[in-house]
Amino acid sequence: MIDIALTFAMGGFAAGLLLTMARILRAPTMADRVLALDTMVVNVIALIVLYGIQNDSDLAFDIAVLFALTGFVSTVALAKFLLRGNIIE
């Protein structure tokens, strides 16, 4: 039963990832693209965690945490660049 739930969840997050990629390509403003990129990072983290659960891998959770930290820093840097025009003050 858990295999069916994991497969369904992975399919849902993969569909969300594809829709988010389409949003990045068609977004009207740069701020919308940054938000879509952040959403894409969340979807990838969810897929990594689900993969780790499916394969009983502890390494996948460490990778997900590192990816979350990288995604957070990149989102903050992009938002700061959009607001001020530079990242380092």
Completion exercise
Those residues of the range 4-33 that are touching a residue at least 24 places away in the same chain (Cβ under 8 Å) and farther than 22 Å from ILE63 by Cα come to a total of 2
Exercise for the section: Give the residues of the range 58-74 that are over 12 Å from the mean Cα position of the chain (by Cα) and of a type in the set (Val, Ile, Thr), sorted by residue number. Expected result: ILE63, VAL73
Exercise for the section: Can you confirm whether the range 72-79 contains a residue that is of a type in the set (S, T, N, Q), within 25 Å of THR7 (Cα to Cα) and in contact (Cβ under 8 Å) with a residue 24 or more places away in the chain? Expected result: no
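Here, each number is a calculation from the coordinates, and none is a lab measurement. From a predicted model like this one, the values you see are computed outputs, not experimental measurements. Because the Cβ atoms are built from the backbone with ideal geometry, glycine has one as well, and the counts that use them run over all protein chains shown.
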